[in-house]
Every structure is written in C-alpha cells, then in structure tokens.
Amino acid sequence: LLPPGLRAAYLRRVQRALIQGGSRGLGLALTEVLLARDPLMEVIVTSRNPQNSLGLQALMDQHSRALRCLALDVTDEVQIQNCAETLGSNIELDLLVNVSGVLHGENMQPERRLEEVKPETMLESFRVHTLGPLLMAKHFLPHLTHGRRAVFASLSARVGSITDNRLGGWYSYRSTKAAQNMVTKNLSIECKRRAKNLICVALHPGTVNTDLSRPFAGKVPEGHLFSPSQAAKHLVEVIDGLSPEDTGGFFAWDGQPIPW
Ligand SMILES: NC(=O)c1ccc[n+]([C@@H]2O[C@H](COP(=O)([O-])OP(=O)(O)OC[C@H]3O[C@@H](n4cnc5c(N)ncnc54)[C@H](OP(=O)(O)O)[C@@H]3O)[C@@H](O)[C@H]2O)c1
C-alpha cells in the first residue's frame, strides 16, 4: 500500500478519461500524455474518423489495452447519445475534455471585418464549440456523477473572454467560445445541486502549434508558442490541481484565472 499522503494524491489523479476530438493537435497530445503517465490509466478517445488518424492508429498499436477509440462527430446528437450508451452504464469517468475546435478551413476563415461575416461560419463554430460540449454534458453526465471527484473541461480560448477583448475581429470564433464559456458556467451551477464533486471548467491552452493556429503562428512572439505535448502537460497539471471550489472557472494553461 502507498503511504496515506501519496495514496491521497494518487486517488486524486485521473484514472479513466474521455477525450472528445482526439484525432490530432491538442486532443491527440492530451491522449498521449495521459496514457504515458500512468500504466493504469484508461483513455477513451472520440474522433470523427478514428481510422483516418495516423496519430491515433500509432497510439492504438502502443496502448491497445488502455486506449479505446470511438467515432463521434460532436455536431451530431444521435452520435453523442450512441457513444455514451456504447460506453456502458457502469463506466465511470474521472475526466471528460471537449477539445474539438474549428477556426479555418476550405469555406471558413476568421473574420477580420464585418463584411467577411458568413452565417455558415458562425453556425458551424456554434455547433462545434457551444452546442457540442453542451450535448456532451447532457449525454455523458451519468458517467461523471459517481460521487468521486470528476472534471468536465472544455478547451476554450482567451479570445473568448469578453473582458479581455481589445482587438475585435474573429466574430464567429470569439462569440462561440464566449457562448461555450456560458455553457460551462451554467453547467457548473446545475451540477452544484446534482453532482457536488463534478468540477466544470473552461481551459485556455495558450497558443499551441497545431493545424488550427498555424496560419496565425507567425505573429506569436518567440517563446510563446507551445508544442502540443508541452501544452497537454500544462493542461493535465491544471486539471490535477482543480478542486470542487474551482468549478465554474475559466483557467489558463498556467492555472491563472481568466476573466469571463
Ligand atoms: N491551437 C491553439 O493555439 C489554441 C488556442 C486556444 C484554444 N484552442 C482550442 O483548443 C482546441 C483544440 O485545438 P487544436 O489547436 O488542437 O486544433 P486542431 O489541431 O485543428 O484540431 C481540431 C480537432 O477538432 C476536431 N473537430 C473539428 N470539428 C469536429 C466535429 N464536428 N466533431 C468532432 N471533432 C471535430 C478535429 O477533428 P478532425 O481531425 O476530424 O477534423 C481535430 O481533432 C480547440 O477547441 C481550440 O479552439 C487552441
């Protein structure tokens, strides 16, 4: 048996996690970091097309017992519900992280000015950043309300802070991350009544060198761009340090609170 102090620290650590949106970038790095730190860790990772992700396939080869991949498009409630049911009602999660995000693509660019606003960009961002995490909470809550400490985290972004907005632009990304923050705060209030040990938080990973940020990374000052694995380690440290009093908070990669 571990000495009591160590045992308490060990029990606080995450044993089974679900990473929503783990095909690449931060989601893949979080999966890798969690699997690497503890031989007893189990990770369920969801992705639109797990079989198309070389990173996930490589992790599956390495951790076939500890890693389970499920297909899930976070804009599709039926898939979310099926995924939650597939897990089985006896599966308890210590951590669920909503990672999926969209900023640019074939038909999507962050808006620099009003004339660039396109309803489809705003709606797609809303589906992925706001409605997705809300529906994840709706269907996965039974897996998180086992009475022990559990964390429901959504990767937000500092640019979703209304207080911190000094530059403007990026209407769709900023607004739907701000709305995601409201979902997190709202959920934390409901969970205080329904699941006292469930900690609901929004997390800002810093600026991370992934597909999402790459077109804009040139503007990042030297030393301020994290690798996905560095960023994932920071986030896991922040998650490990959370207690029930932190529920409803918005925290940066270094654990500092961010104003809403
Ligand atoms: N990178 C940064 O500097 C930064 C800064 C602040 C916040 N964030 C936030 O951190 C999170 C992760 O970003 P990242 O940098 O890792 O981005 P990324 O490398 O572009 O990865 C985005 C992930 O989201 C998934 N995704 C997109 N739409 C989805 C959908 N409808 N259903 C399920 N999954 C979907 C993608 O899956 P597919 O492979 O299937 O497309 C991919 O796994 C995002 O929420 C982002 O807003 C990132």
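At a glance:
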| read-out | value |
| --- | --- |
| Environment charge of Ala157, counting only residues whose C-beta is closer than 11 Å and scoring Lys/Arg +1, Asp/Glu -1 | +2 |
| Alpha-carbon Debye profile of the stretch 150-209, log10 I(q)/I(0) at 0.20, 0.22, 0.29 Å⁻¹ | -0.76, -0.86, -1.17 |
| Positive-pole candidate from Gln81, Asn181, Thr31, dipole of the chain, charges at beta carbon | Asn181 |
| Within the accessible area of the chain (1.4 Å probe), percent carbon and sulfur | 54 percent |
| Exposure ranking of Met136, Met60 by accessible area [1.4 Å probe, largest first] | Met60, Met136 |
| Cα-based radius of gyration of the chain once divided by 2.2 N^0.38 Å, which approximates compact folds | 0.97 |
| Relative contact order of the chain, pairs being alpha-carbon contacts under 8 Å that are 6 or more residues apart, as % | 19 percent |
| Accessible-area ranking of Lys185, Lys233, largest first, probe 1.4 Å | Lys233, Lys185 |
| Average accessible surface area per residue within the stretch 87-224, 1.4 Å rolling probe, Å² | 51 Å² |
| Sum of side-chain charges, Ile91 neighbourhood, beta-carbon under 12 Å (Lys, Arg +1; Asp, Glu -1) | -2 |
| Cα gyration tensor category, rounded, prolate or oblate, for the stretch 164-260 with a/c compared to 1.5 | oblate |
| Sequence-separation-based contact order of the stretch 26-126, relative, with Cα cut under 8 Å and 6+ spacing, percent | 20 percent |
| Lysine pairs with alpha-carbon atoms under 30 Å apart, the chain, spacing 8 or more or separate chains | 19 |
| Order of exposure, largest accessible area first, which applies to Met182, Met108 with probe 1.4 Å | Met182, Met108 |
| Rounded accessible area of Ile189 (nearest 10 Å², 1.4 Å probe) | 80 Å² |
| Summed side-chain charge close to Met136 - residues other than Met136 whose Cβ falls under 13 Å, Lys, Arg +1, Asp, Glu -1 | -1 |
| Highest-MSF residue in the chain out of Asp94, Asp246, Asp38 [GNM, Cα springs under 10 Å] | Asp38 |
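The values are calculated or read from the model by the stated rules, or taken from the named source; none is laboratory data. Just so it is clear, the structure is predicted and the values come from calculations on it, not from any experiment. Neighbour counts run over all protein chains shown; Cβ positions are idealised from the backbone, glycine included. The accessibility values were calculated without ligands, DNA or RNA, using every heavy atom of the protein model including side chains. Shrake-Rupley method; radii C 1.70, N 1.55, O 1.52, S 1.80 Å.
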